[in-house]
Amino acid sequence: MIILFGASGVLGRSVTKALNSKGLDFAVTTNSRNKETKEYLKNKYIKPKFIQKCDVSKPEDVKKVFKAAQFHGKPITGVINNFAITYQKSNRLTEKQKKKIFDVNYFGVVNILENLLSYKKQREQISVVNVLSNSLKTLNASNEHYISSKAAVEVLSKYYASHFGSKIRVNCVAPGLMLSNLTKKRFNKNKKKIIEKTPLKRLIHPDEVSETIINILTQLNGMNGEIIFIDGGRTIKLHD
């Protein structure tokens, strides 16, 4: 069974559709938009093994997800960490906002990986995909703390891939700009400029990211500790 942490956003919904269409066993978590996500899945006839409300910044919430997986008796084969929080930097962020960004974006992944290491039903290697951002290279995002939190996850991913690869295979994808709840406030302002700097002359679609994630989980078994940028070549034209 594959567990998708963060199913409520644009990419999360795309991933659930892809998992469902491929007939894979999966479960999903949501946080603030739990009811909305349940309605969406029901209307699209998408049937995960379970839906769990989870604030990934709370270790006790993450533990409940793994207990639910044990209850359903399906061994975990993959985990997708697709969650993030940020704030638009119109002014200097408060200390509370900075802390929240790292509590969710970084420590959320920490909580999940630590639970995976001690997962009682683990028999085979578990594949993990962490969703980052191409702002790791472009440095163009809502604020520097968001970028830094994603950079921290990249290093964390490589550490786990290096030290625990026989148990957990960890890779990352770093999408370019997509229309989502995180980006909608700056989307129209930046869309044209980013397309001009992208060799494909278009933005990527969430379904392209979803397909890459699922291929890493189910096909690319020799990949470990890598990061794939999915941005139409935007990051190879940084100096144009």
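So how do Phe26, Phe71 rank on accessible area, 1.4 Å probe, biggest first, that is with the largest at the start?
Descending order: Phe71, Phe26.
Can you list the lysines whose alpha carbon is less than 29 Å from that of Lys201, not counting same-chain residues fewer than 8 positions off?
List returned: Lys17, Lys89, Lys137, Lys150, Lys184, Lys185, Lys189, Lys191, Lys192, Lys193, Lys237.
Within straight cross-link reach of Lys58, meaning Cα distance under 17 Å, which aspartates and glutamates are found once same-chain residues fewer than 8 apart are removed?
Qualifying aspartates and glutamates at Cα under 17 Å: Asp103, Glu114.
Give me the percent of the accessible area of the chain that comes from carbon and sulfur atoms, probe 1.4 Å, all protein chains in place.
Within the chain, the accessible surface is 50 percent carbon and sulfur.
Give a residue-ordered list of calculated ³J(HN,Hα) values for region 10-15 (Karplus: 6.51 cos²θ - 1.76 cosθ + 1.60, θ = phi - 60°; whole Hz; x for Gly, Pro).
4, 5, x, 5, 4, 5
Starting from the 7 Å offset along Cα-to-Cβ, what nm value, one decimal, do you get for the label separation of Glu226 and Lys17?
2.6
Please list the non-local residues whose amide H lies under 5 Å from the amide H of Ser127, H modeled 1.01 Å from N, same-chain partners needing a gap of 5 or more.
Amide H to amide H, under 5 Å and 5 or more residues apart or across chains, Ser127 pairs with Gly78, Val79, Arg169.
Taking the chain as the reference, fit the longest principal axis to its C-alpha atoms, fit the long axis of helix 206-218 to the helix C-alpha atoms, and give the angle between the two in degrees, 0 to 90, nearest 10.
Once rounded, one gets 40 degrees.
Mind grabbing the accessible area of Leu156 for me, 1.4 Å probe, Å², rounded to tens?
Only protein atoms counted, so the area is about 20 Å².
Which value results when the Cα radius of gyration for region 19-74 is divided by 2.2 N^0.38 Å?
On the way: Rg = 11.8 Å, N = 56, 2.2 N^0.38 = 10.2 Å.
Normalised Cα radius of gyration, region 19-74: 1.16.
Distance cut-off 25 Å, Cα to Cα: go down the list Lys67/Lys167; Lys38/Lys167; Lys22/Lys49; Lys63/Lys100 and report the pairs above it.
Numbers: Lys67/Lys167 19 Å; Lys38/Lys167 32 Å; Lys22/Lys49 15 Å; Lys63/Lys100 20 Å.
Those over the limit are Lys38/Lys167.
How do Thr212, Thr198 stack up against each other in accessible area, from largest to smallest, with a 1.4 angstrom probe?
Reading off the accessible areas and sorting them downward yields Thr212, Thr198.
Where the eigenvalues come from the Cα gyration tensor of region 1-155, what are the semi-axes √(5λ) of the equivalent ellipsoid, largest first, in whole Å? Could the numbers behind the result be given before it?
Details: eigenvalues 144, 63, 41 Å².
Output for region 1-155: semi-axes of 27, 18, 14 Å.
At 37 °C and 0.692 mPa s, grab the translational diffusion coefficient of region 70-217 from Stokes-Einstein with a Kirkwood Rh over Cα pairs, rounded to a whole number in µm² per second. List each step's numbers first, then the result.
Numbers: Rh = 16.7 Å.
The diffusion coefficient I find is 197 µm²/s.
Could you tell me how many cubic angstrom of Cα convex hull volume region 63-147 has per residue?
Roughly 97 Å³ of hull volume per residue.
For Gln52, what residues show an amide H to amide H distance below 5 Å, using hydrogens built from the backbone and excluding near sequence neighbours?
When sequence neighbours closer than 5 places are left aside, the close amide H contacts are Val28, Thr29, Thr30.
With springs connecting C-alpha atoms under 10 Å apart, model the chain as a Gaussian network and identify which of Ile101, Ile80, Ile195 has the largest mean-square fluctuation.
In this elastic network of the chain, the residue with the biggest mean-square fluctuation among Ile101, Ile80, Ile195 is Ile195.
Amide H of Phe229: which non-local residues (sequence gap of 5 or more, or other chain) have their own amide H closer than 5 Å, using H built in the peptide plane?
So Phe229 has HN proximity to Ala174.
The values are calculated or read from the model by the stated rules, or taken from the named source; none is laboratory data. Keep in mind that this is a model prediction, so the values were computed, not measured. No Cβ is skipped: glycine too gets one built from the backbone with ideal geometry, and neighbour counts run over all protein chains shown. In case anyone asks, the SASA skips ligands and DNA or RNA and just uses the protein heavy atoms, side chains included. Shrake-Rupley method; radii C 1.70, N 1.55, O 1.52, S 1.80 Å.
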